[in-house]
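Take a look at the structure below.
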Amino acid sequence: QVQLVESGGGLVQAGGSLRLSCAASGTIFSINPMGWYRQAPGKQRELVATSTSGGSTNYAGSVKGRFAITRPNAKNTVNLQMNSLKPEDTAVYYCWGYQRGEYWGQGTQVTVSS
């Protein structure tokens, strides 16, 4: 079993920055890829960004150029640096990882005020 724990959400003004972190623990063989999804009120959960341990990344068009995903130790951690935040980025952000199945964190709230 794998547990994903997020940290780093909060309230920020438009144009500001936040950094989310996620650490995986438990029985880990190779959790790959890892990434972030988000869900705004009344909307479906959507992809934000994913990264393989080898550094291949994928971003939603709405965040490309503003967000950066990294895997610091290439294994059990994934970070999301969010810059130039907009009110439409307000959502619950979920850490995601794949190891013989999908795993999700509990989510962290990001609120961007205008």
Which one of VAL63, VAL48 is within 13 Å of the chain's Cα centre (by Cα), assigned to a loop (DSSP other than H, G, I, E, B) and within 22 Å of SER114 (Cα to Cα)?
VAL63
Name the pairs whose Cβ atoms lie under 7 Å apart, with the first residue in segment 34-55 and within 12 Å of VAL92 (Cα to Cα), the second of a type in the set (S, T, N, Q) and open to solvent by 50 Å² or more (accessible area, probe 1.4 Å), and 6 or more positions between them or separate chains?
ARG45/GLN39
Being out of contact with any strand residue (DSSP E or B) (no Cβ under 8 Å at 6 or more places or on another chain) and of a type in the set (S, T, N, Q) narrows it down to one of THR52, THR70, THR57, so name that one.
THR52
Can you name the residue in segment 30-79 that is modelled with pLDDT under 95 and of a type in the set (Lys, Arg) and is also most open to solvent (accessible area, probe 1.4 Å) among such residues?
LYS75
Out of (1) within 14 Å of the chain's Cα centre (by Cα); (2) under 16 Å from TRP104 (Cβ atoms); (3) not aromatic (Phe, Trp, Tyr), the odd one out for THR70 is which?
(2)
Selection from segment 9-22 of residues that are among the small types (Gly, Ala, Ser) and modelled with pLDDT of 95 or more
GLY10, ALA14, GLY15, GLY16, SER17, SER21
Where residues in segment 104-114 are within 20 Å of ARG66 (Cα to Cα) and among the small types (Gly, Ala, Ser), which of them is surrounded by the most Cβ atoms within 10 Å (Cβ to Cβ)?
SER113
Which count do you get for residues in segment 87-103 that are surrounded by 14 or more Cβ atoms within 10 Å (Cβ to Cβ) and not in a helix (DSSP H, G or I)?
11
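The values are calculated or read from the model by the stated rules, or taken from the named source; none is laboratory data. Source: prediction; values computed, not measured. Please note: Cβ atoms are built from the backbone with ideal geometry, for glycine as well, and neighbour counts cover all protein chains shown. For accessibility, only protein heavy atoms count, side chains too; no ligands or nucleic acids. Shrake-Rupley method; radii C 1.70, N 1.55, O 1.52, S 1.80 Å.
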